[in-house]
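The numbers here are math on the coordinates, done by the rules we state, and not lab data. Everything numeric here is computed off the predicted structure, so don't read it as measured data. Neighbour counts run over all protein chains shown; Cβ positions are idealised from the backbone, glycine included.
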């Protein structure tokens, strides 16, 4: 296959995707990078404590402000244009006092609730 | 090792990193996600045609506007908040008519000039 036979890859406008999302804590895949997924999520209120034993997880704030609590009464706050990589196995609890939109990057199939599971678990492979 | 022994991961402010960068086409690593690197780069003028045979490459525009030319006289343009994943092996030529700042995500060790090489090749592992 020559390059001319490849379709030009799509431009992904994060704001346009977010405008079609409403449910908090329900990530939607917007792009695949090798075996990684780029997901958008809206956050509002507090999520559950969890960790991802097998993988680091990247959060980049697109709109609004979020916090992440870590064990030991430690909390960080992130605003638009700020990112963090939570190491594999580190327990964390994301929260947002008002609505916040984030870009997540992690291996395809990574579940939002990690090793905690429960009724906050969202599908890992829903695209928008 | 318990979680309490882990340091809280740093918040990475993309704007603060970019304010300390000046040379175009010289990516700087700002974070590691498993075996991937998140890099910031300033773009100005035209880069070289190249491809990365082994990996997809993600571009997310942070400031300014960039274009990417593909073979077959096809060009896409990206503005802040817009991203694209260039598939492995697809020849592309990034450009920016004025200064543009982008976040790149790709496996650690990926070289900016891909399989083309030459004097536009920058170190793949310089952190800022």
Report task. Using a cut-off of under 20 Å, list every residue of segment B:79-112 whose amide N is near the label point 7 Å from the Cα of residue A:99 along the Cα-to-beta-carbon line. Result -> B:81-82
**Report entry** Mean separation of Cα contacts under 8 Å (6+ apart) over length of chain B, as relative contact order %
**Finding:** 31 percent
Report summary line: Shortest first and in nm, the label-point separations between residue B:49 and its counterparts in the other identical copies (7 Å out along Cα→Cβ) come to 5.7
Query raised in the report: Which whole number gives the average count of other chain Cβ atoms within 10 Å of the Cβ atoms across peptide B:53-63?
Result: 3
Report summary line: Distances in nm between the label point of residue A:16 (7 Å along Cα→Cβ) and its equivalents in the other copies, shortest first, are 3.4
Report summary line: Distance in Å, no decimals, from the C-alpha centre of segment A:52-128 to the one of segment B:22-48 is 24 Å
Report summary line: In segment B:18-94 the DSSP beta bridges are antiparallel at a rate, in percent to nearest 5, of 95 percent
Report summary line: Shielding of B:91-100 by other chains, given as the mean Cβ count within 10 Å, works out to 1
Report task. Taking a label point 7 Å out from Cα toward Cβ, give me the nm distances from residue B:117 to the same spot in the other copies, shortest first, one decimal. Result -> 5.2
**Report entry** 222 nm mean residue ellipticity, helices alone, for chain B (DSSP H n ≥ 4; -39,500 (n - 2.57); rounded to 500)
**Finding:** -1000 deg cm²/dmol
Query raised in the report: Considering every Cα-Cα pair within segment A:84-128, what fraction, in whole percent, is farther apart than 14 Å?
Result: 61 percent
